[in-house]
Amino acid sequence: IVSLMEELEAIDWYNQRVQACKDKELRAILAHNRDEEKEHAAMVLEWIRRKDPQFSKEMKDYLFTDKTIAHD
């Protein structure tokens with residue numbers, strides 16, 4: 001779980017750097033790095049899903065669907 005937190009935090013940091021960066025080339029590099037962190041986060045989420053049946057159920061219920069997210 002800490003690994004997932006770190007990946008999400010890295011995504012946030014890179015987003016902040018991309019938004020603040022004025023150099024187009026550096027901004028592209030930072031965006032690329034941010035997107036790699038997204039890949040890492042997805043990999044950790046998939047590992048958690050495979051190891052935790054309840055988490056897997058929740059992910060299947062809420063991800064990749066157009067249904068309402070919040071409970072009524």
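The values are calculated or read from the model by the stated rules, or taken from the named source; none is laboratory data. As the structure is a prediction and not an experimental result, all values here were calculated from the model. Please note: Cβ atoms are built from the backbone with ideal geometry, for glycine as well, and neighbour counts cover all protein chains shown.
Can we say A41 is small (G, A, S) and more than 15 Å from I1 (Cβ to Cβ)? Reasoning before the result, please.
Working: small (G, A, S): yes; more than 15 Å from I1 (Cβ to Cβ): no.
When the stated conditions are applied, A41 does not pass them.
So which of R34, R27, R49 ends up being assigned to a helix (DSSP H, G or I) and touching a Cys at 6+ places or on another chain (Cβ under 7 Å)? Walk me through it before giving the result.
Details: R34 fails: touching a Cys at 6+ places or on another chain (Cβ under 7 Å); R49 fails: touching a Cys at 6+ places or on another chain (Cβ under 7 Å).
R27 is the lone residue from the list that is assigned to a helix (DSSP H, G or I) and touching a Cys at 6+ places or on another chain (Cβ under 7 Å).
Collect the residues in the range 52-72 that are part of a loop (DSSP other than H, G, I, E, B) and within 19 Å of S3 (Cα to Cα), keeping them in residue-number order.
Let us first name the residues in the range 52-72 that are part of a loop (DSSP other than H, G, I, E, B), namely 52, 63-72.
The one that is part of a loop (DSSP other than H, G, I, E, B) and within 19 Å of S3 (Cα to Cα): D52.
Would it be correct to say that A28 is under 14 Å from S3 (Cβ atoms) and either surrounded by 11 or more Cβ atoms within 10 Å (Cβ to Cβ) or at pLDDT 95 or above (or both)?
Numbers: under 14 Å from S3 (Cβ atoms): no; either surrounded by 11 or more Cβ atoms within 10 Å (Cβ to Cβ) or at pLDDT 95 or above (or both): yes.
No, not satisfied.
I'd like to know if the range 2-23 contains one or more residues that are under 14 Å from the mean Cα position of the chain (by Cα) and not in a helix (DSSP H, G or I).
Initial filter on the range 2-23 (under 14 Å from the mean Cα position of the chain (by Cα)): 2-15.
Filter once more, so that each one left must be not in a helix (DSSP H, G or I): none.
No, there is no match, as no residue in the range 2-23 is under 14 Å from the mean Cα position of the chain (by Cα) and not in a helix (DSSP H, G or I).
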